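**Q** Below you'll find the structure I mean.
The values are calculated or read from the model by the stated rules, or taken from the named source; none is laboratory data. All of these numbers come straight from a predicted model, not from anything done at the bench. We place every Cβ from the backbone using ideal geometry, glycine too, and count neighbours over all the protein chains shown.
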Amino acid sequence: MDQFGSKNYQAMKQYRNMGLKSAVEDATPHRLIQMLMDGALDKIAAARGFMERGETAQKGAHISWAVSIIDGLRVSLDPSVGGEVARNLDDLYNYMMTRLTQANLNNDADGLNEVAGLLRQIKEGWDAIPGEIVREHAQQAASRTGQAYGR
């Protein structure tokens, strides 16, 4: 890549990172969860490609990244609000993290596909939540945050 191409690539990368930062800052809690799920699915897909090409380090890095994202989803659960659904999701997220780790160790594309399928099912349910409910929960969360800071 020539100097001009390198500068363009760096500029595009910075622009993309700023766009992502802005999207995260402006996102509702519901949208953040969607973005995390999308990110985990992207990392799993990339890991599958690296696995197929025998690129072990990149495969491991992307699986590790997917595990971290799924763990972030898991720790964001609130059983006091979500009850049994939150507990079941906690179990499922733990299973996914274990399955991804096994897939990494055994070069098991089926394990990656299984986790991606499970995560897509959860995401489809999440995406189907009506906008009215999403807005109501966002308002409740904002109210709780304001109370926590003495507002």
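**Q** Within segment 72-84, work out how many residues are more than 17 Å from residue 126 (Cβ to Cβ) and either surrounded by 12 or more Cβ atoms within 10 Å (Cβ to Cβ) or among the hydrophobic types (A, V, I, L, M, F, W, C) (or both).
**A** Adding up the residues that qualify gives 1.
**Q** Here is a follow-up. Could you tell me which residue of segment 90-117 is farthest from the chain's Cα centre (by Cα), considering only residues that are of a type in the set (A, V, I, L, M) and closer than 20 Å to residue 79 by Cβ?
**A** In this case the residue turns out to be 92.
**Q** Can we say residue 94 is surrounded by fewer than 16 Cβ atoms within 10 Å (Cβ to Cβ) and of a type in the set (S, T, N, Q)?
**A** yes
**Q** Can you list residue pairs whose Cβ atoms sit under 9 Å apart, with the first residue in segment 51-63 being surrounded by fewer than 21 Cβ atoms within 10 Å (Cβ to Cβ) and the second being among the basic types (Lys, Arg) and not in a helix (DSSP H, G or I)? Count only pairs 6 or more apart in sequence or on different chains.
**A** Short answer, once both residue conditions are applied: none.
**Q** Turning to a different aspect of this structure: Looking at residue 127 and the list (1) charged (D, E, K, R); (2) under 19 Å from residue 32 (Cβ atoms); (3) at pLDDT below 90, which single condition is not satisfied?
**A** All conditions are met except number (3).
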